[in-house]
Amino acid sequence: MSQSSVPDFAELLRGAQHSAVHLEMRDSYGVGDEAEEIALFARTGQLDLDPTARWWPEWLGLVRETLARGVVMRRARIVSEPVTDYIRWEHAATVLNVGAGEQVRWLPRRNASDIALPGNDFWLIDDRLVMFHFFSGDGDWVDPGCELTEDPAAAALCTTAFETVWERGVPHEKYTV
C-alpha cells in the first residue's frame, strides 16, 4: 500500500474488530514531542503522570474507545538491560497506558535471541493488517514514517513474533527497571 493511502492511525485503530498489538524494539526513541519530558526525567526522576497533559488525553481516549468496542490492545517491548534512560521514563509512564486498559509486557533482549523478528516496530490489527514504523538512527520519525501492508507473509511473521514476545514477556506490574 502506498504512503499516500495510509490512513490516520486513529482511523486504523477504529477499524480494528478484535485485536490491536504493538511491538516496540528500540532502546531509545528521539521523537521531538517527548524530548523535553525525557530530559527532565533523566535529570530529576520526575514525571508528570497527569492523564490530561500533553498527548495523553487523545491517546488514552482512543484506547478506552477501542477497548469499549471489545478490541483487545496489547503492547510488548523488547529492551536491553540495564535499561536506557528512555526505557526508564517509558516504564514509569506506562502506568497511564495500563490504567486506560492496555496490556503491556516487557521482554529483556537476551530472552529474544531465538525469535524471528521483523526489522521494524509495528502495529498489527486483527492479525492481518501491519503498520510498520520507520525511525532514523537517533530514533526520530523519518519520511515516510510508516508503511501499511496486508501481505499475509508479513502479517504471519508479525503475529508469530508478537505472540512469542508476549508469551515470554514480563507483565508491566512485575517488571522492574
Quick test for you: out of Trp106, Trp89, pick the one residue that is in contact (Cβ under 8 Å) with a residue 60 or more places away in the chain and either surrounded by 15 or more Cβ atoms within 10 Å (Cβ to Cβ) or not in a helix (DSSP H, G or I) (or both).
Trp106
Between Gly61, Gly30, Gly45, which is of a type in the set (Gly, Ala, Ser) and surrounded by 16 or more Cβ atoms within 10 Å (Cβ to Cβ)?
Gly30
Is it fair to say Val142 is among the hydrophobic types (A, V, I, L, M, F, W, C) and modelled with pLDDT of 95 or more?
no
State whether the residues of region 37-53 include one that is out of contact with any helix residue (DSSP H, G or I) (no Cβ under 7 Å at 6 or more places or on another chain) and of a type in the set (Lys, Arg).
yes
Please tell me if Val142 is part of a strand (DSSP E or B), surrounded by 16 or more Cβ atoms within 10 Å (Cβ to Cβ), out of contact with any Lys or Arg (no Cβ under 7 Å at 6 or more places or on another chain) and on the phi < 0 side of the Ramachandran plot.
no
Of (1) of a type outside the set (S, T, N, Q); (2) at pLDDT below 85; (3) closer than 20 Å to Gly139 by Cα; (4) over 18 Å from the mean Cα position of the chain (by Cα), Phe41 satisfies all except one. Which?
(2)
With the checklist (1) under 23 Å from Pro57 (Cα atoms); (2) surrounded by fewer than 18 Cβ atoms within 10 Å (Cβ to Cβ); (3) in contact (Cβ under 8 Å) with a residue 24 or more places away in the chain in hand, flag the one item Ser136 doesn't pass.
(1)
Which count do you get for residues in region 10-32 that are over 27 Å from Glu81 (Cβ atoms) and not small (Gly, Ala, Ser)?
6
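The values are calculated or read from the model by the stated rules, or taken from the named source; none is laboratory data. All figures in this text were calculated on a predicted structure; none of them were measured in a lab. Every residue, glycine as well, gets a Cβ built from its backbone with ideal geometry; the counts of neighbours run over all protein chains shown.
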